[in-house]
1. In this structure, does ILE139 turn out to be β-branched (Val, Ile, Thr), open to solvent by less than 80 Å² (accessible area, probe 1.4 Å) and either free of Cβ contacts under 8 Å to residues at least 40 places away in the same chain or more than 22 Å from PRO41 (Cβ to Cβ) (or both)?
2. Restricting to the range 153-163, and then to whatever is without any contact (Cβ under 8 Å) to a residue 60 or more places away in the chain and part of a strand (DSSP E or B), can you tell me which residue is farthest from GLU185 (Cα to Cα)?
3. Filter the range 52-72 down to the residues that are open to solvent by less than 50 Å² (accessible area, probe 1.4 Å) and more than 16 Å from THR22 (Cα to Cα) and list them by number.
4. Got a number for residues in the range 111-139 being more than 30 Å from LYS55 (Cβ to Cβ) and in a strand (DSSP E or B)?
5. If you check THR76, THR142, which single one turns out to be part of a loop (DSSP other than H, G, I, E, B), more than 20 Å from the chain's Cα centre (by Cα) and closer than 30 Å to GLU190 by Cβ?
6. Consider ALA88 carefully, then state whether it is more than 28 Å from LEU169 (Cα to Cα) and modelled with pLDDT of 95 or more.
7. In the set ALA108, ALA93, which member is on the phi < 0 side of the Ramachandran plot, part of a strand (DSSP E or B) and not polar (S, T, N, Q)?
Amino acid sequence: MGRAFEFRKARKMKRWSAMAKTFTRIGKDIVIAVKEGGPNPEANARLRAVMQNAKAANMPKENVERAIKKASDKDTANYKEVLFEGYAPHGIAILIETATDNNNRTVANIRSYFNKCNGTLGTQGSVEFMFDHTCNFRIPNTGQDIEELELEMIDFGVEEIFADEDGILMYAPFESFGSIQKHLEAEGIEILSSGFERIPQVTKELTPEQVADVEKLLEKIEEDDDVMNVYHTMQE
């Protein structure tokens with residue numbers, strides 16, 4: 001088991017992702033995907049991926065269809081994906097993925113969270129290099145030989161593969177997403193969910209008091225409606 005496994009295990013243990021927040025995120029993902037590639041999932045690989053994730057999150061089908069219809073309306077504002085970088089107290093690097101229809105509002109909000117919690121909002125590129133940008137796919141576990149599957153998927157960029165109670169999870173570099181998706185679909189292998197994550201290359205252990213300082217900032221950031229994902233270098 002490698003870093004991706006440990007990262008996934010740690011994140012799974014956390015409180016993150018209340019159902020309402022998950023649905024809001026998926027709704028934004030649908031808008032971005034439709035504006036980028038159209039409302040037909042057959043011709044839009046990104047939209048197919050979002051719809052798979054919606055199903056995995058138990059988002060009602062009618063909610064998904066409504067979101068696609070709304071996103072197809074030319075009057076619906078598109079969301080811009082913006083990355084924020086900074087430091088929490090005690091030297092913990094933080095990377096924040098947002099999707100916003102009002103960049104000025106989002107910048108002001110993120111800056112205020114850092115200021116209130118003794119953090120520092122950084123410049124572009126200040127901490128992004130500390131994280132590996134990865135993609136992941138979850139497929140059903142039907143008793144496949146994991147080693148054989150890994151040998152097959154290495155050709156498409158997969159670097160780590162492991163089974164858990166929810167199926168088989170594969171991790172690869174960000175840029176391998178398209179080739180892996182194409183191969184799984186061509187082979188008729190069901191994709192339960194897929195997505196992107198940023199895995200810290202090195203993590204830092206803190207005292208319980210220091211963890212509380214960092215958690216205070218993370219909670220403020222995670223509660224913001226424009227925030228999609230938050231990654232950090234604090235050991236969990």
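1. It is false that ILE139 is β-branched (Val, Ile, Thr), open to solvent by less than 80 Å² (accessible area, probe 1.4 Å) and either free of Cβ contacts under 8 Å to residues at least 40 places away in the same chain or more than 22 Å from PRO41 (Cβ to Cβ) (or both).
2. ALA163
3. ILE68, ALA71 - these are the residues of the range 52-72 that are open to solvent by less than 50 Å² (accessible area, probe 1.4 Å) and more than 16 Å from THR22 (Cα to Cα).
4. Selection size over the range 111-139: 2.
5. THR142
6. yes
7. ALA93
Each row is one residue, and each column tells you yes or no for (1) touching a strand residue (DSSP E or B) at 6+ places or on another chain (Cβ under 8 Å); (2) modelled with pLDDT of 95 or more; (3) of a type in the set (Lys, Arg).
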residue: ASN104; (1), (2), (3): no, yes, no
residue: MET130; (1), (2), (3): yes, yes, no
residue: GLU147; (1), (2), (3): no, no, no
residue: GLU152; (1), (2), (3): no, no, no
residue: PHE156; (1), (2), (3): yes, yes, no
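The values are calculated or read from the model by the stated rules, or taken from the named source; none is laboratory data. Treat the numbers as computed from the prediction; the structure is a model and nothing was measured. Glycine gets a Cβ as well: all are built from the backbone with ideal geometry, and neighbour counts include every protein chain shown. Calculation scope for accessible area: heavy atoms of the full protein, side chains included, ligands and nucleic acids excluded. Shrake-Rupley method; radii C 1.70, N 1.55, O 1.52, S 1.80 Å.
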